[in-house]
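A.B. asks: Please find one structure pasted underneath; my questions will follow.
The values are calculated or read from the model by the stated rules, or taken from the named source; none is laboratory data. Here the structure is a predicted model, which means the values were calculated and not measured. Virtual Cβ from ideal backbone geometry, glycine too; neighbours counted across all protein chains shown.
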Amino acid sequence: MARFADLPAEVLDFIGDYLDTGVSDIKSLVLVSSWLRQQFHSHLWKHVTVRSKTPLAFVSLLKDRAHFVHSIRFMGAVPKELYHMHFPGLIVFEHDNSVRVVAKAGEVCRILAGFFRLNPTIQDIIINPRDLSLNESFWNAIFTSLHNPRRLKLGREDAIMKLTMGGGSGLAFWKACGRFEHVEYMGWDQSRALRNDVNFDCSRLRILEYMTTSRPENTPGLWKWMGRCSNLTRLHWGGMVLAGQVHADAELPIWSHLEELSLGDVRETDETLARVIFAHLPPTLKHLRLKSAIFGPVSFDMLRERVFDSLNIQRFMEVSSYRLPMNLGLS
């Protein structure tokens with residue numbers, strides 16, 4: 001092989017994908033060479049990040065190359081023209097709000113809703129909202145516009161959701177969650193909206209990661225909604241878990257496919273943990289992670305009865321009563 005161009009197409013594609021990782025020095029080098037620019041033209045526009053200081057001239061360039069874009073990330077207050085742009089192959093959309101926009105939350109939600117309607121091919125949505133209140137029109141646009149939503153990630157450790165979505169926006173949030181296969185949430189508890197017996201279809205949901213940073217307001221409603229997600233394979237319920245608030249006659253969860261369960265700071269008693277949660281674990285469970293000081297012999301016996309034949313990994317934290325002989329079935 002005498003020339004770079006003689007490399008197999010899959011190798012060139014691999015190199016082109018590497019250029020999407022944000023290595024600006026290499027991208028600059030590629031742009032210097034007309035041949036390299038032509039060879040990797042589509043790759044250079046595959047993953048795009050736009051910041052608040054991005055010049056307006058870039059918007060025109062991006063518009064002409066919109067058909068190359070597979071993922072786009074808006075960081076801060078980007079030019080509004082971008083929200084009115086159609087990207088035919090857009091799969092991943094990320095909105096990283098690093099500034100306070102409380103006063104403009106309604107306008108931000110309105111233009112985001114319009115962006116979703118223009119780009120129904122979006123499958124993955126990543127929103128780092130900080131102080132941005134996501135309203136009903138925002139969630140309704142996601143629910144009605146997207147053809148095949150796959151993943152919703154809302155918040156992260158340094159940008160948690162610090163507002164409670166009340167009323168119609170809260171209900172619209174939970175309804176929209178049911179359209180995704182994977183939901184990852186980190187922020188203030190949003191269970192208040194589930195006080196009434198809402199019956200949203202969430203059978204599409206496979207993975208739910210719900211990490212709250214405030215005290216749960218409606219554990220019974222949240223428990224009922226989670227329990228109706230009949231096709232869950234992974235459930236991570238972080239933060240404070242007030243298992244004692246779930247009534248003894250509560251609707252039983254339908255988790256016939258659950259393989260991985262992670263629970264945060266479970267409160268109340270050993271008997272409550274066994275009755276409310278462990279008594280409903282399916283024989284498909286393979287991984288269990290628990291952070292609770294109340295775990296004791298009652299919970300252990302329930303685990304041994306229901307899932308010990310299938311469990312591959314157990315991780316117990318802050319469990320003072322746990323002993324290795326329990327796993328071995330010894331007294």
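A.B. asks: Can Ala193 be described as under 14 Å from Thr144 (Cα atoms) and more than 12 Å from the chain's Cα centre (by Cα)?
C.D. replies: Here the answer is no, as Ala193 does not meet what is asked.
A.B. asks: Just checking, does the stretch 268-277 include any residue being at pLDDT below 90, surrounded by fewer than 18 Cβ atoms within 10 Å (Cβ to Cβ), out of contact with any strand residue (DSSP E or B) (no Cβ under 7 Å at 6 or more places or on another chain) and not in a strand (DSSP E or B)?
C.D. replies: yes
A.B. asks: Still on this structure, please answer the following. Taking only the stretch 212-260 into account, find how many residues are over 16 Å from His280 (Cα atoms) and at pLDDT 95 or above.
C.D. replies: Selection size over the stretch 212-260: 0.
A.B. asks: Looking at the stretch 270-284, is at least one residue in contact with a Lys or Arg (Cβ under 8 Å, 6 or more places away or on another chain) and of a type in the set (Val, Ile, Thr)?
C.D. replies: Among the residues of the stretch 270-284, not one is in contact with a Lys or Arg (Cβ under 8 Å, 6 or more places away or on another chain) and of a type in the set (Val, Ile, Thr), which makes the answer no.
A.B. asks: I've got another one for you. Please tell me if Leu303 is part of a helix (DSSP H, G or I) and at pLDDT 85 or above.
C.D. replies: Yes.
A.B. asks: Sort out which residues of the stretch 163-180 are crowded, with 16+ Cβ neighbours inside 10 Å and not aromatic (Phe, Trp, Tyr), and write them in order of number.
C.D. replies: First, pick out the residues of the stretch 163-180 that are crowded, with 16+ Cβ neighbours inside 10 Å: 163-165, 169-180.
Those that are crowded, with 16+ Cβ neighbours inside 10 Å and not aromatic (Phe, Trp, Tyr): Leu163, Thr164, Met165, Ser169, Gly170, Leu171, Ala172, Lys175, Ala176, Cys177, Gly178, Arg179.
A.B. asks: Return the residue satisfying two criteria in turn: it lies in the stretch 47-78 and is closer than 18 Å to Ile122 by Cβ and of a type in the set (Phe, Trp, Tyr), and of such residues it is surrounded by the most Cβ atoms within 10 Å (Cβ to Cβ).
C.D. replies: Residue satisfying both the conditions and the ranking: Phe74.
A.B. asks: Kindly indicate whether any position in the stretch 211-232 is loosely packed, with under 15 Cβ neighbours inside 10 Å, among the charged types (D, E, K, R) and without any contact (Cβ under 8 Å) to a residue 40 or more places away in the chain.
C.D. replies: Yes, there is a match, as at least one residue in the stretch 211-232 is loosely packed, with under 15 Cβ neighbours inside 10 Å, among the charged types (D, E, K, R) and without any contact (Cβ under 8 Å) to a residue 40 or more places away in the chain.
A.B. asks: Looking only at the stretch 292-320, which residues are buried (at least 20 other Cβ atoms within 10 Å of the Cβ) and either of a type in the set (Val, Ile, Thr) or touching a residue at least 60 places away in the same chain (Cβ under 8 Å) (or both)? I'd like the intermediate steps shown before the answer.
C.D. replies: At the first step, the residues of the stretch 292-320 found to be buried (at least 20 other Cβ atoms within 10 Å of the Cβ) are 292, 294-295, 299-300, 302-303, 307.
Result: Ile294, Val307.
A.B. asks: Might you let me know whether the stretch 246-253 holds any residue that is surrounded by fewer than 18 Cβ atoms within 10 Å (Cβ to Cβ), in contact with a Phe, Trp or Tyr (Cβ under 7 Å, 6 or more places away or on another chain) and among the aliphatic types (A, V, I, L, M)? Spell out how you get there, then give the answer.
C.D. replies: Just the residues of the stretch 246-253 that are surrounded by fewer than 18 Cβ atoms within 10 Å (Cβ to Cβ), to begin with: 247-252.
Restricting the remaining residues to those that are in contact with a Phe, Trp or Tyr (Cβ under 7 Å, 6 or more places away or on another chain) gives 250.
Subsequent filtering for residues that are among the aliphatic types (A, V, I, L, M) retains 250.
Yes, the stretch 246-253 contains a residue that is surrounded by fewer than 18 Cβ atoms within 10 Å (Cβ to Cβ), in contact with a Phe, Trp or Tyr (Cβ under 7 Å, 6 or more places away or on another chain) and among the aliphatic types (A, V, I, L, M).
A.B. asks: When the stretch 173-191 is examined, which residues are found to be part of a strand (DSSP E or B) and either farther than 18 Å from Val92 by Cβ or in contact with a Gly (Cβ under 8 Å, 6 or more places away or on another chain) (or both)?
C.D. replies: As a first pass, look at the stretch 173-191 and keep what is part of a strand (DSSP E or B): 182-187.
Answer for the stretch 173-191, where residues must be part of a strand (DSSP E or B) and either farther than 18 Å from Val92 by Cβ or in contact with a Gly (Cβ under 8 Å, 6 or more places away or on another chain) (or both): Tyr185, Met186, Gly187.
A.B. asks: Taking the stretch 192-243, which residues are out of contact with any strand residue (DSSP E or B) (no Cβ under 7 Å at 6 or more places or on another chain), within 20 Å of Glu268 (Cα to Cα) and in a loop (DSSP other than H, G, I, E, B)?
C.D. replies: Ser214, Glu217, Asn218, Leu242
A.B. asks: Lys153 - would you say it is within 17 Å of Ser133 (Cβ to Cβ) and basic (Lys, Arg)? Reasoning before the result, please.
C.D. replies: Working: within 17 Å of Ser133 (Cβ to Cβ): no; basic (Lys, Arg): yes.
Judged against the criteria, Lys153 is not a match.
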